[in-house]
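The values are calculated or read from the model by the stated rules, or taken from the named source; none is laboratory data. Bear in mind that the values here come from a model prediction, so they are computed numbers and not experimental data. Don't worry about glycine lacking a Cβ; one is built from the backbone with ideal geometry, like all the others, and counts go over all protein chains shown. The accessibility values were calculated without ligands, DNA or RNA, using every heavy atom of the protein model including side chains. Shrake-Rupley method; radii C 1.70, N 1.55, O 1.52, S 1.80 Å.
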Amino acid sequence: MSSERIRSLRRVAVTGIGAICGLGHNVKDIWARAVEGRSGVSSLSNIETNDLPVKFGGEVKNFTISPDLIPEKEQKKFDKFVHYAVHSCEEAIKDAQIIESNFFMLDRVGVIIGVGMGGFPIIEQTSTAYLNGGSRKVSPFFIPSVIPNMTSGYISIKYGLKGANYSISSACASSGHAIMAAAHEIMLGNHDVMITGGAEAVLTYLPISGFANMKAISKRNEEPEKASRPFDLDRDGFVMGEGAGIIVLEDMEKAILRGANIYAELVGMAATSDAHHITAPHPEGEGAINCMSLALYNADLQAKKIDYINAHGTATPLGDIAETNAIKKVFENHAHKLSISATKSMTGHLLGAAGALESIFCLMSIKDGIIPPTINLDKEDPKCDLNYVPNKAIKKDITYALNNSFGFGGTNSCLIFKKC
């Protein structure tokens, strides 16, 4: 994309953020604990784990959604991923103050949320009810309770937002792609504000068993807080997490006009495919190379300008090497000067919500000048020899931050944020 073309598009500001995950129920708590290098991974308490090969994850603890957000009589009509999305959306909207300001026409405000897998807990419960009692045991609310787009749908209805309203499902890149699609709506002038991000809640029997049987997730049941070990020589797979990350994107000109608090500008984004394998990454990170390169190109930015990368960093044996190879290829001599961290070491992997939560980490890093660590990085893998900020946060002035999200099916997303 040429510089002339970039200048013809509207600029995109980030003016609000909200999140929930194993580290906490709001951005303030999550960020503070991430900077401290604390783990949000623990033994599972929301389901019975006796028959499961993996008994831990980045589980959200002690959470019940406020009846002000979803009335108590309606809460059972929606799976947990919807609860997480609505909870974090309320935090982000209050942070951005877009409703209170009455500055926007509601038909110019849209919602695009990424969801990788949808409502597995209720799918499992309903399947059991059907097998035990037949079709009469299937709730009439079953379908709307589990479909991925109920995140964006419920948010649109609750706040009266009449712009675009849909969900994107692209595995672990879902929320990265959702943020990109939402940004395009603003860049093209179709919307003034977009609520975007991702939500996921599949810490339940079938997903855990499926990932475990394909040998994708860690089985360190005795030390769950040490199980997520991105780039460490002793890593043995990713750790499942749950939660949501919601971001408010806004037309930069209007954000400045109304005096909004601006976390950063979204200046570059890209999506590519490995076209290699349904689950394994390209060994040299070819799709990731193309995605990071295209994001830099779309931002009209030299690679050496990037200060921080929040890596996809899942702690899978192949994935971490492929991402390291890709970073070296794209950034060349600058690769070893980069600060890189894998915050999944603390949160677990939020699957479809990962890119949104990790984009929020990028935004907070830019705002506070702090890079959160990659915890549990005790023994460096010789094939992963970049600066992954091991075990302790560092202070660093950040102008540009890059977030990587890669998913099954060979799908990739990269987002670049700029300090304002």
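Worth a mention:
- The test for being touching a His at 6+ places or on another chain (Cβ under 6 Å), over 15 Å from Arg235 (Cβ atoms) and among the hydrophobic types (A, V, I, L, M, F, W, C) holds for Phe406.
- Close Cβ contacts (under 9 Å, 6 or more residues apart or on different chains) running from residues in segment 394-413 that are of a type in the set (Asp, Glu) to residues that are open to solvent by 50 Å² or more (accessible area, probe 1.4 Å) and modelled with pLDDT of 95 or more comprise Asp397/Lys419.
- Some residue of segment 308-329 being modelled with pLDDT under 95, open to solvent by 10 Å² or more (accessible area, probe 1.4 Å) and of a type in the set (Val, Ile, Thr): no
- For segment 171-260, the helices (runs of 4 or more DSSP H) that sit wholly inside it and include 3 or more residues that are touching a strand residue (DSSP E or B) at 6+ places or on another chain (Cβ under 6 Å) are 174-187.
- The lone exception for Phe141 - which of (1) surrounded by fewer than 16 Cβ atoms within 10 Å (Cβ to Cβ); (2) under 30 Å from Ala260 (Cβ atoms); (3) aromatic (Phe, Trp, Tyr) it fails: (2)
- Answer residue from segment 160-180, given it is buried (at least 20 other Cβ atoms within 10 Å of the Cβ) and aliphatic (A, V, I, L, M) and is nearest to Ile99 (Cα to Cα) among those: Leu161
- Selected residue [in a loop (DSSP other than H, G, I, E, B) and hydroxyl-bearing (Ser, Thr, Tyr)] from Ser139, Ser156: Ser139
- Single unsatisfied condition, Tyr388 versus (1) aromatic (Phe, Trp, Tyr); (2) outside any helix (DSSP H, G or I); (3) touching a helix residue (DSSP H, G or I) at 6+ places or on another chain (Cβ under 8 Å): (3)
- Considering residues of segment 379-393 that are surrounded by fewer than 14 Cβ atoms within 10 Å (Cβ to Cβ) and of a type outside the set (Lys, Arg) only, the residue nearest to Leu296 (Cα to Cα): Asp385
- For segment 114-138, the set of residues classified as open to solvent by 30 Å² or more (accessible area, probe 1.4 Å) and in contact with a strand residue (DSSP E or B) (Cβ under 7 Å, 6 or more places away or on another chain) consists of Met117 only.
- Within segment 187-208, the residues that satisfy the criterion of being among the polar types (S, T, N, Q) and open to solvent by less than 10 Å² (accessible area, probe 1.4 Å) are Thr196, Thr204.
- Scanning segment 310-340 for residues that are free of Cβ contacts under 8 Å to residues at least 60 places away in the same chain and either closer than 23 Å to Tyr297 by Cα or in contact with a helix residue (DSSP H, G or I) (Cβ under 6 Å, 6 or more places away or on another chain) (or both) yields a count of 17.
- All helices (runs of 4 or more DSSP H) inside segment 1-113 with 1 or more residues being open to solvent by 70 Å² or more (accessible area, probe 1.4 Å), modelled with pLDDT under 95 and over 22 Å from Gly241 (Cβ atoms): 3-8
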